[in-house]
Amino acid sequence: MQEPAYTRTAVALHWLIAICVIAQIALGLWMIGIPKDPPGIRAGWFNVHKSIGLTLGLLILFRVYWRITHRAPPLPETLPRWQRITAAASHHLLYLCMVVMPVSGYLGSSFTKYPIVFFGTKLPHWGWDAPALKEICSTVHLTTVVIMIAIIAMHLAAAVKHRLINRDGVFERMLVWRGPKTAPRD
């Protein structure tokens, strides 16, 4: 018997946001190594990162809304209690990180003298040049990245375990191609 699946919308949001978050983390880690001289190159990549981050932040808000209004299918009864607790805690922490990361990035960008440029358009600048606030937001942003990388690694390890070792159907609940008999319609 197959385990209950997530809705098609939940599956699409999961994979779209997963790919985008991993790409955004990779871009962010790469771009902090770009030299500040000559001017412009680093700023251009930071603006791309901010633009993608703002877009991804809105998509994440929609995902949080979807998750709140659509319950996840229950885990199999055969899973030990500690795995249920760990799964719930890691998912909650992932959602928290997905919200904190774009918010801290946006706030950090607001507390500089530079405008936030969203795909070539300057956004209204409500903040002010406050290096101490910018540094706090940047620390929160980078710390959240590190936590998120650890949780993603744990999430991937659990997915591989459920797919290759347990073969308990947990992994398959998040697949697009499960078929209409097991994937509920939205």
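Among residues belonging to the range 1-13 that are surrounded by fewer than 16 Cβ atoms within 10 Å (Cβ to Cβ) and part of a helix (DSSP H, G or I), point out the one that is modelled with the lowest pLDDT. My answer is ARG8.
Apart from one condition, GLY53 fits all of (1) assigned to a helix (DSSP H, G or I); (2) among the small types (Gly, Ala, Ser); (3) surrounded by fewer than 16 Cβ atoms within 10 Å (Cβ to Cβ); the exception is (3).
Results for (1) touching a Cys at 6+ places or on another chain (Cβ under 6 Å); (2) at pLDDT 95 or above; (3) farther than 24 Å from ILE17 by Cβ, shown as yes or no for each residue.
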position	(1), (2), (3)
ALA130	no, yes, yes
VAL140	no, yes, no
HIS155	no, yes, no
MET174	no, no, no
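Does the range 63-73 include one or more residues that are free of Cβ contacts under 8 Å to residues at least 60 places away in the same chain, within 20 Å of ASN166 (Cα to Cα) and more than 11 Å from the chain's Cα centre (by Cα)? Checking the range 63-73: not a single residue is free of Cβ contacts under 8 Å to residues at least 60 places away in the same chain, within 20 Å of ASN166 (Cα to Cα) and more than 11 Å from the chain's Cα centre (by Cα). Taking the range 58-80 on its own, how many of its residues are among the β-branched types (Val, Ile, Thr) and either in contact with a Lys or Arg (Cβ under 8 Å, 6 or more places away or on another chain) or part of a loop (DSSP other than H, G, I, E, B) (or both)? Matching residues across the range 58-80 total 1. None of ALA157, ALA132 is part of a helix (DSSP H, G or I) and closer than 30 Å to GLU77 by Cα except ALA157. Are any of the residues in the range 61-79 touching a Cys at 6+ places or on another chain (Cβ under 6 Å) and surrounded by 14 or more Cβ atoms within 10 Å (Cβ to Cβ)? Scanning the range 61-79 turns up no residue that is touching a Cys at 6+ places or on another chain (Cβ under 6 Å) and surrounded by 14 or more Cβ atoms within 10 Å (Cβ to Cβ).
VAL117 falls short on exactly one of the conditions (1) hydrophobic (A, V, I, L, M, F, W, C); (2) touching a residue at least 40 places away in the same chain (Cβ under 8 Å); (3) over 19 Å from TRP45 (Cβ atoms), and that condition is (3). Of all positions in the range 109-118, at least one carries a residue that is part of a helix (DSSP H, G or I) and either surrounded by 16 or more Cβ atoms within 10 Å (Cβ to Cβ) or at pLDDT 95 or above (or both).
The values are calculated or read from the model by the stated rules, or taken from the named source; none is laboratory data. On a predicted model such as this, the values are computed, not experimentally measured, just so you know. All Cβ positions, even for glycine, are placed from backbone atoms using ideal geometry, and neighbour counts span all protein chains on display.
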